[in-house]
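Just so it is clear, none of the values below were taken in a lab; they were calculated from the coordinates. Values in this document were obtained by computation on a predicted structure and should not be read as measured data. Cβ coordinates were reconstructed from backbone atoms using ideal geometry, including for glycine residues, and neighbour counts include every protein chain displayed.
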Amino acid sequence: MTDLRLRAAAEGDYDFLWELHRATMKGHVAKTWGWDETWQQRHFRQHFDPVDRQIIVFRGHDVGVLSVAERETHVSLQVLEVLPQYQRRGIATAILQTVLHEAGCKGKAFTLQVLKVNPAQAIRGLGVRHNG
């Protein structure tokens, strides 16, 4: 996908990343544990570190976030969130295919952890672990 790129996240992306997280995860978290807005905001702020995040840019617009942790034996997808209005356009699929390809080229396994209510849990054969 040629109109898709990644850029390093920065402190100035906090508001975008919080709203993105809220828009993409609130429903899943609410179904699993319940959504407490105050607790979620505090937790997000306490754990916010742009260093390990990349902003997904589609056609010049910030539309999502990617975080991948590379370990000795495997590559772990930590976060892949795309704004609802940009979902179902192949953006996450393109990103995921790139991460899988890069892990394969390095001879590393790939892991992904999702909430049971998240549709991403349907991805089979990728080392998916469930939370909640």
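Overview of results
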quantity	calculated
Failed item in (1) in a strand (DSSP E or B); (2) in contact (Cβ under 8 Å) with a residue 60 or more places away in the chain; (3) among the hydroxyl-bearing types (Ser, Thr, Tyr), with Ser76 passing the rest	(2)
Residue tally, condition closer than 18 Å to Val65 by Cβ and part of a loop (DSSP other than H, G, I, E, B), over the stretch 90-117	1
Condition broken by Arg7, with the remaining ones in (1) loosely packed, with under 15 Cβ neighbours inside 10 Å; (2) assigned to a helix (DSSP H, G or I) satisfied	(2)
Qualifying positions in the stretch 87-99 - within 14 Å of the chain's Cα centre (by Cα) and of a type outside the set (Val, Ile, Thr)	Gln87, Ala92, Ala94, Leu96, Gln97
Members of the stretch 25-52 found to be aromatic (Phe, Trp, Tyr) and either exposed (fewer than 13 other Cβ atoms within 10 Å of the Cβ) or closer than 20 Å to Leu77 by Cβ (or both), listed by number	Trp33, Trp39, Phe44, Phe48
Qualifying residue in the stretch 82-95 (condition: among the hydrophobic types (A, V, I, L, M, F, W, C) and farther than 19 Å from Leu112 by Cβ)	yes
Residue tally, condition touching a residue at least 40 places away in the same chain (Cβ under 8 Å) and either among the hydrophobic types (A, V, I, L, M, F, W, C) or more than 30 Å from Ala103 (Cα to Cα) (or both), over the stretch 52-68	6
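Yes/no matrix, rows are residues, columns are (1) free of Cβ contacts under 8 Å to residues at least 24 places away in the same chain; (2) on the phi > 0 side of the Ramachandran plot; (3) among the polar types (S, T, N, Q); (4) assigned to a loop (DSSP other than H, G, I, E, B):
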site	(1), (2), (3), (4)
Gly34	yes, yes, no, yes
His43	yes, no, no, no
Gln46	yes, no, yes, no
Glu72	yes, no, no, yes
Gln85	yes, no, yes, no
Arg88	yes, yes, no, yes
